[in-house]
Structure formats: structure tokens, C-alpha cells
Amino acid sequence: LPSMPTSSSKPCPCPSFKLREVASMYFTLIAVFLVILVVALQGSAPRGSDFPYKVPLDPQGLLELSWNVSYPEQAVHFQLLIRDLQFGLLFGMSDRGEFENADLAVLWSNGHNSYFGDAWSDAKGQLHMDSQQDYQLLGARRAPEGLYLLFRRAFSTCDPKDYLIEDGTVHLIYGILEKPVHSLQAINISAIHRGLQRVQLLKPNITIPELPSDMKTMEITAPDIVIPSQETTYWCYMAELPDGFPKHHIIMYEPVITVGNEALVHHMEVFQCAAEFDSFPHYNGPCDSKMKPDRLNYCRHVLAAWAMGAQAFYYPEEAGLAFGGPGSSRYLRLEIHYHNPLVFTGRRDSSGIRLYYTATLRRYDAGIMELGLVYTPVMAIPPGEDAFVLTGYCTDKCTQLALPAAGIRIFASQLHTHLAGRKVVTVLSRDGRERQVVNSDGHYSPHFQEIRMLKEVVAVFPGDELITTCTYNTEDRSRATVGGFGILEEMCVNYVHYYPQTQLELCKSAVDPGYLHRYFNLVNRFNDEEVCTCPQVSVPQQFFSIPWNTFNRDVLKSLYGFAPISMHCNKSSAVRFPGKWEKQPLPTITERLREPVPRCPPALGPQPAAPVPLNLGQLRRD
């Protein structure tokens, strides 16, 4: 065995120090010996059922991550399959996928001896061994397909150098060591092959409902297309239901991925088209092509959405999503996002989504409701902001009018912004007090959007408020970002999936336009540069002409925090419910939810800040 590290504990004045240190070293030696014994074993691959979630880390599929979540232990167990091990790899997490200030598990080799350790990188990307080893190696096995590395990590470690694993998106990073290295500090992360993958690590622990005996399936898939040889492609394909297709309930859906393309199919959605049109043109091609018919823009009602790393989506046993029948369009649009950074050519694909549906209708139709901000330029973000906050409201007045007395039950949610979005959260408020988080993503990425089943169903009653807050970063922009449909404009939306379906399809707000006009007048009074506020100049043009000094930024933030709002309490016909909806006061919140306090795992006593030696044999030298 390689020589063992000694304890790095600092001297302690208490008289029992030596005994504790000897005991600690003894148990550390035993633990390391057991690890070496386990990782030296050659054997078959671990059972896939032990790790139900799986995602390829790299575009070539050389690194495959599987994991499971233990809520009783508050820990994630990882299984990393390395198909072509060279001299090690880095795996870890960071705020937004950076390799600086990252929390890492590192396997490295000098060609003869191999080591595993918990490390972190500083602001310059230099690696350091962590004084608290929280990536716990459980074992490694060689199999015909490669090396399986198994390790464990608690959600929260209370180590300031560690990443806090939370609900929502996690940015996983990886790096492949192609040359031998003699120490952790010798690894130059800027010179290695590396990448990023986004997942939802903390999957909800949901009981799968029993499926009916008359269940049928329908596959909405791309018709053997050739994936374009470019990094990013959004592909659109039109499909249609059979003539006279009666009303059914979708009760489940899952991805259908062409074998070999698992690392290229990033996310997929199936949209139903607007029933107001009798027909839609057939189309099979890039979504941004000039050849795409404009009418396809009216196919916006989401039936299913999947993103890499997600499993099958199940509706609650008492509800299903209606499609088919009177008042429902026969036309569907499949949209697939291909991520092809290595620019593979000639790859054929027939991926898509498999719908499971039943003619035996469940008790409730499920519905989809939009929460957040109206798509309007009156909501804007100044340039150069690192964390600018905008909030949209679904007010008590709207829910009182539109929801049934027994309320509704929200069981899933899809958060949505455009490119500047960094955080999204929706909170349920009742009688002025925040009661429950509906959905939250503190590491939100516009490049990773999926319908997520909630850990627990959220009951919403008449008179409740649903408040959706988005945080944006515009540090890379030189002019204001306004709300709108364009990719460089912004949105703040939570599509909540609920039952029973009601007439309320959109419950959103925006600042009162009259108060925004007063803001533009105020800017004119206190600035040398004149901002044109004449009626013929659009709101975006007025925002674009503002000199963004501290005063103008702070006043805009204050305006959004106190000015009355224009409420959109809309039916599916896009008509508002009857009532007075302009110049509505902001909801008053008298009691906020407390921030959750991370739970620290029990201390294991002094542990050496040293890597664990592995017996993987001599690694290859090309």
C-alpha cells in the first residue's frame, strides 16, 4: 500500500489530545484500507436500479453520470462511468458552471499511483485540497464498458468551500486529464478538456400512480432527420391527430431518444396549436428558418416538455391533460433543441416524446396557468446590473373571482425567462403572510427548462396571492432590456400545472403605464441629457435613451416596488374577467417566509486533508 497521510489536526491544549489523535488516525487508516480494498475489485457494473437518474456529461458520451437521492440521509449518491480513463478527471459543481470558485471531486494519476480527493478552486482557478473531505469515496469497479466510480455527497456540509445542493438547477462541471499529473496543485484547469452539464439533482420522491388497463401510446417524433452540423439547432416538426380523435386524457409522457444521440438531444417540447385555425401547414425543418410558416407561431399550448436528465412525467391519479375532441386542435408541433458542440455531421435522429393517454377520463381535467409578468416593455432592466429584481403578481382579487370555492391543486411547474434570467421563485401568500414556496430555482438557467413535478401539491384558494419574482443579470449589455417576446427582451413566467381546470389561464401584472410616464418625466428633470417622453416615441426607445446613472437606476427600482399595477386576470379567450384591473395596489406582505437553514451533517472528528490512494493499476500512456 502507498504510505498513508498523517492527521493535519492542529495541536490542542487539552490533555486527551494524543489519545483522540491516535484513535482518529487508526480509524482513518482502516477506512482508507477498506476503500483501497473495494476499489481494487474487478467486477460487473452496479445495478442501474440503484441509480435511477442518468445523464451524459460530455457530447461524446465518454462520461455518464447516474445518481440517487436519499432524503432521510440528506445526501446524493453518485455513480460516474468513465468509458475511456486516461489520467483522471474533475467532477463538481459551481454557481453557474464556472471552473473558478468551484467545488470538486478529483481523480488523478501520475501514471502509476492514483488518488481521489475533495478539492476546491479559487477565483483564479487554482486547485486546493479541501480541509474538510465531503466527497466520500464509496468504491470503484472496472467493467467491460469502463471504470465505475462511486461516491457520496451530503446536500449541505457547512463547509464554506462547498456547494450547497438545493432544489432546482445544478450546474455540473467536468474536466478530463489527458496527461499524468504529480499533484493536485499541478493540474492546470485552463489547459484540460472540460465542459458543463445542467441537471435537477434533487428529484422529488413521488409515488408512481397506477396506470389504467386501456392506456394507449402515441409517439410524436422527428422523421429520421439529419441533425445540422452546427452547435445549436431548434428543429420543428408538425404532426396531427387522426380525424375525429375524441377527447382523451394524457396521464404520462416520456422521452424517446435515438440510440447514440443521448448527448445531443438537449430538450424537447410538444405544443398544441390554436383551435381557431382549421388547418396548419406541414413543416419539418429548423424553427428559425425563413421557410417556416408564420402560422406555426400559434402552436404555443404546452402538452409535454422534457429536458436532459428528466425521467417520465406522471399526472396525479385524479387528473389528466385533455387533448382531442371538440374545441381542441388536431395539430401538434414538436420542437427539439439539439446541442452539437463537436459539430458532428450526418447524425440521423428520430427522437421525440411518447404520450400515454386514456379514453377513460379521470375526475379532473388538468390546466395550465401563467403567473408572473405580462409581456410588455414597461417592465425593464437597466444595463450593467448583476442582480436586478422584477416581480409579477396574481392578486387576491383575481383568485377570489376566478377560482372555485374548493380551490385548485398545483402539482407541477415550469419556470421561464429569456437569456438574462438567473433566479425565479413563486411564493403563495394568504392574508398578507407568505405561506409556501410553490417553486424556486436559485441557479436558474434559460438553457435548461423543464416541467418539474413538485415535492408536494400546493393548494391555492380564493383570495390567495401568487407572487413570482425573477432576478436578472445584464452586466454584458450596454442598453436597457425591456419585456417582450424577443430573445434579447425578457420574460418572467411560471407555467403552473394544476387541477381542476378553471377559466383562469393567465394571472399576471405589469407596472401602471401612467406611473412609468411620470418616471420618464422625473428623469428629464434631474438629468442633463433629455429623454424624449413624447407620445410618438415608444417605451423601449425611451428606456434606450436614459443615461443609466445611480439615481435613474434606484428610482426605477423604487418605482417597481411601490407603484400600482395593471392586472391581467384573463380567461383562455384572452378576455379579462369582469372588474376593475387598472391602478391596482401592490399586495401587502406583513410576514415573510424564513430562509431555510442548511442542516450540517454530524461531525466525524478530525480527518486528514489528504487524498485517498486508489489501486487502479498503471494507467495508459498514449
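The values are calculated or read from the model by the stated rules, or taken from the named source; none is laboratory data. Just so you know, these numbers come straight off a predicted model, no measurement behind them. Glycine gets a Cβ as well: all are built from the backbone with ideal geometry, and neighbour counts include every protein chain shown. With ligands, DNA and RNA removed, areas are computed over all heavy atoms of the protein, side chains included. Shrake-Rupley method; radii C 1.70, N 1.55, O 1.52, S 1.80 Å.
Assign one of three labels to the stretch 46-99, namely rounded, prolate or oblate, based on the Cα gyration tensor with a ≥ b ≥ c the square roots of its eigenvalues; rounded applies when a/c is under 1.5, prolate when it is not and a/b is larger than b/c, and oblate otherwise. Cα axes put the stretch 46-99 in the oblate bin.
Size of the stretch 424-528 from its Cα atoms: along the principal axes, largest to smallest, the extents are 54, 33, 26 Å.
Summing Lys and Arg as +1 and Asp and Glu as -1 over all other residues whose Cβ lies under 13 Å from the Cβ of T474 gives a net charge of -2. The figure for T550 is an accessible area of roughly 100 square angstrom, using a 1.4 Å probe on the protein chains alone.
Here the stretch 77-149 and the stretch 433-481 have alpha carbon centers that stand 32 Å from each other. By accessible area, using a 1.4 Å probe on protein heavy atoms only, the chain has 52% of its surface on carbon and sulfur. In the chain, the DSSP-assigned H stretches of four residues or longer account for a calculated mean residue ellipticity at 222 nm of -3000 deg cm²/dmol, using -39500 (n - 2.57) per stretch and the full residue count as denominator. For the listed residue pairs K423/K580; K161/K423; K290/K423; K216/K423; K203/K580; K508/K557, the alpha carbons are over 30 angstrom apart in K423/K580; K290/K423; K216/K423; K203/K580.
Highest mean first, the peptides 363-376, 342-355, 75-88 sorted by other C-beta atoms within 10 Å per residue fall in the order 363-376, 75-88, 342-355. Note on the stretch 246-286: semi-axes of the ellipsoid equivalent to its C-alpha gyration tensor, largest first and rounded to whole Å, are 26, 18, 8. Calculated on C-alpha atoms, the gyration radius of the chain divided by its Kirkwood radius gives an Rg/Rh of 1.00. Taking a ≥ b ≥ c as the square roots of the eigenvalues of the alpha-carbon gyration tensor, the stretch 68-139 is classed oblate because a/c is 1.5 or more while a/b is no larger than b/c. Calculated over the stretch 53-203, the projected area of the Cα convex hull averaged across directions stands at 8.4 nm². Decide, for the stretch 306-431, between rounded, prolate and oblate: order the square roots of the alpha carbon gyration tensor eigenvalues as a ≥ b ≥ c, take rounded if a/c falls under 1.5, and otherwise choose prolate if a/b is larger than b/c, else oblate. Oblate, because a/c is 1.5 or more while a/b does not exceed b/c. With one equal scatterer per alpha carbon and no solvent term, the Debye-computed log10 I(q)/I(0) for the stretch 215-362 at 0.09, 0.10, 0.14, 0.21 1/Å reads -0.28, -0.35, -0.67, -1.33. Rolling a 1.4 Å probe across the protein heavy atoms gives the chain an accessible surface of 46 Å² per residue.
Largest accessible area first, the residues R592, R141, R153, R422 order themselves as R592, R141, R422, R153 under a 1.4 Å probe with ligands, DNA and RNA left out. For the stretch 306-354, the alpha-carbon radius of gyration amounts to 1.66 times the rule-of-thumb value 2.2 N^0.38 Å expected for a compact globular protein.
Summing Cβ point charges (Lys, Arg +1; Asp, Glu -1) relative to the Cα centre of the chain gives a dipole of roughly 580 debye. Derived value for the stretch 262-338: Kirkwood hydrodynamic radius 14.2 Å. Basis is the mean of 1/r over every pair of different alpha-carbon atoms. Computed on protein heavy atoms with a 1.4 Å probe, the accessible areas place K54, K292 in the order K54, K292, largest first.
Under the convention that each Lys and Arg Cβ holds +1 and each Asp and Glu Cβ holds -1, the size of the dipole of the stretch 53-203 around its Cα centre is about 420 debye.
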